[in-house]
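Structure first, then comments.
Nothing in this text is a laboratory measurement; each read-out follows from the coordinates by a stated rule. Here the structure is a predicted model, which is why all the values come from computation and not from measurement. All Cβ positions, even for glycine, are placed from backbone atoms using ideal geometry, and neighbour counts span all protein chains on display.
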Amino acid sequence: MKTHLGATALLAAGVLTLAACGAGASGSGGAPATDGGNTLRVGIKFDQPGLGLQTGNTYSGFDVDVANYVAQELGKTPTFSEAPSPQRETLLKTGQVDMIVATYSITDKRKQEVGFAGPYFVAGQDLLVRQNETAITGPDTLTGKKLCSVKGSTSAQKVQTDYPGVQLQEYDTYSKCVEELANGTVDALTTDNTILAGYASQQQYQGKLKVVGQTFSQERYGVGLPHGDTQTCQQVTDALKKMVESGEWQKAVDKNFGPAGFKPGEGNPPTPDACA
């Protein structure tokens with residue numbers, strides 16, 4: 001994902017450890033693992049509902065479910081630490097994490113610094129509106145409307161550049177945008193459709209908000225790995241394929257995004273790229 005949601009916390013010196021979760025597990029942690037030689041250190045987002053969310057000492061979301069499944073297939077116990085967007089390459093290059101599963105879009109520029117397995121999901125920029133909204137059906141219907149996004153985000157910049165008739169309202173966090181959308185202060189919110197669906201699936205917003213379903217970009221989420229580690233890449237690729245074939249990928253989608261009525265767009269479930 002191109003932007004970081006909410007305030008960026010400093011990476012904790014120690015990471016919280018989860019008990020191994022079964023396929024399709026909720027991502028909640030049990031007792032801390034004691035086998036330090038069999039852990040898989042995974043960087044995730046801590047502030048993205050439906051994708052990577054920290055609540056106390058437990059973690060939930062689609063990315064967490066993917067990480068749990070991959071760890072299980074690799075015979076490892078996952079431990080989670082925060083991977084803010086600007087720090088993801090550094091965390092991998094300095095060996096602070098073994099992999100990153102954090103709405104991490106595969107791009108040619110990033111592949112010069114780190115490796116990727118996947119994609120495991122194809123997302124796209126979309127719009128979140130109130131449930132009873134009928135006039136906003138895509139970005140071309142935003143003229144004169146109040147659109148919310150995060151300050152400095154590429155999502156906001158893209159709409160502002162391509163659709164200059166939009167009244168852009170920027171806040172520090174997407175959660176603030178969601179609040180303003182729900183109370184009627186703004187007309188729509190834009191970022192990746194997965195993030196929008198995660199917010200709309202939160203209990204306080206269920207039945208009140210909806211994802212428009214007209215994406216106007218493509219984001220291929222991959223599992224970030226150290227550059228050149230083709231062996232791990234192949235192991236993760238095999239795990240991702242098995243997750244789809246077993247039905248666990250769809251279960252994770254339904255659990256994390258289903259309450260928002262969200263259905264994955266074209267290209268899902270994706271076929272992972274060959275490891276190089």
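Things worth noting here:
- Nearby aspartates and glutamates by direct alpha-carbon distance to Lys158 (threshold 20 angstrom, same-chain neighbours under 8 apart not counted): Asp108, Asp126, Asp140, Glu170, Asp172, Asp187, Asp192, Glu219
- Student exercise, the range 49-132 dipole from Lys, Arg, Asp, Glu Cβ charges, in Debye to nearest 20: 140 debye
- Taking Cα extents along the principal axes in Å as calculated from this structure, the corresponding entry among (i) 57, 37, 37; (ii) 73, 41, 34; (iii) 101, 37, 33 is (i).
- Cross-link table Lys146/Lys251; Lys242/Lys263; Lys111/Lys208, entries beyond 30 Å C-alpha to C-alpha: Lys146/Lys251; Lys111/Lys208
- In a DSSP loop and with at most 11 other Cβ atoms within 10 Å, there are no GluC sites (Glu not before Pro) in the range 78-180.
- For the chain, excluding the exposed loop sites themselves (trypsin sites (Lys or Arg not before Pro), DSSP loop, at most 16 other Cβ atoms within 10 Å), the longest remaining stretch covers 1-150.
- Membrane-span-like helices of the chain, defined as complete DSSP H segments with a Cα extent of 15 Å or more along the helix axis and a mean Kyte hydropathy of at least -0.5, are identified as 62-73.
- For the range 125-211, the residue among Val178, Ser149, Gln206 whose Cα projects farthest onto the positive side of the dipole built from Cβ charges is Gln206.
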